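Single-structure report; data block below.
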Amino acid sequence: MEKLSISIILGTAREGRDSEKVAQFVLQEVKKRSEIEPVFVDIKDYISGKTSRLSDEQSEKNKKWHDIAEKADGFLFVIPEYNHSFPGEFKMFIDTLFKEYAKKPAAICGVSNGAFGGTRMIDAVRPVLSYLGMIPVSPTVQFMKVNELFDTKGAILDEAYGKKVSAMLDELIWYTKAMKEARKTIKK
Ligand SMILES: Cc1cc2nc3c(=O)[nH]c(=O)nc-3n(C[C@H](O)[C@H](O)[C@H](O)COP(=O)(O)O)c2cc1C
């Protein structure tokens, strides 16, 4: 069977970000699923300063993200909570495209140092993804107290997160397969 292309997006460019450890953990969990072909996207490598999809001038970075997003069957976002929302650079990144997201499922992982694991960010980003045409799946994973969650080698200390990510992936895979089939019926 043709594999599902899922873009795993690390949604902060902050130097010293702990979300990178979360994104790497999630990527390893995704790699356990043989039906997924993961494509890792670190937004720090894609921010070009040209935020507008209406711009005629597409930078090389915009084009690279465009090509990945166009091919993607679904998305998995790992985003920290900054001031009860998502990082500004994430909005700049996501706003560079539009139609490439349409009718594609999206899973969201929130990250924070606090006890809520980015729940307010999740509530803030969900309508943005919906407006862009994505289908946010219901299960999310909140990575709480991220500053205490990994050992010095980057290994996760709470094994319960494996099950949580797995349950979210089950739902993401179900919707991604269904929507991939459904998109084939759309006349271009
Ligand atoms: C600008 C900024 C705003 C933040 N706002 C919040 C917040 O609203 N809620 C929260 O729980 N943590 C907040 N944090 C702390 C993050 O939870 C913490 O940085 C965590 O490590 C995840 O983000 P990181 O990937 O940037 O490290 C904030 C951090 C920054 C840099």
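The values are calculated or read from the model by the stated rules, or taken from the named source; none is laboratory data. Just so we're clear, the structure is a prediction, and the values are computed from it rather than from any experiment. Cβ sites come from the backbone with ideal geometry, for glycine too, and all protein chains shown count toward neighbours.
Observations
- Members of region 125-150 found to be out of contact with any Phe, Trp or Tyr (no Cβ under 6 Å at 6 or more places or on another chain) and within 16 Å of the ligand (Cβ to nearest atom), listed by number: T140, V141, Q142, F143, M144, K145, V146, N147, E148, L149, F150
- Every pair of residues 6+ apart whose Cβ atoms lie under 7 Å, when the first sits in region 98-126 and is at negative phi and at pLDDT 95 or above while the second is in a loop (DSSP other than H, G, I, E, B) and aromatic (F, W, Y): M121/F86; A124/F86; V125/F86
- Residue that is farthest from the ligand (Cβ to nearest atom), among those in region 104-124 that are among the β-branched types (V, I, T) and closer than 15 Å to L10 by Cα: I108
- Those residues of region 70-103 which are away from the ligand (no atom under 16 Å from the Cβ) and part of a helix (DSSP H, G or I), in sequence order: E70, K71, I94, K99, E100, Y101
- When residues of region 21-69 are limited to those that are in a loop (DSSP other than H, G, I, E, B) and at pLDDT 85 or above, the one surrounded by the most Cβ atoms within 10 Å (Cβ to Cβ): Y46
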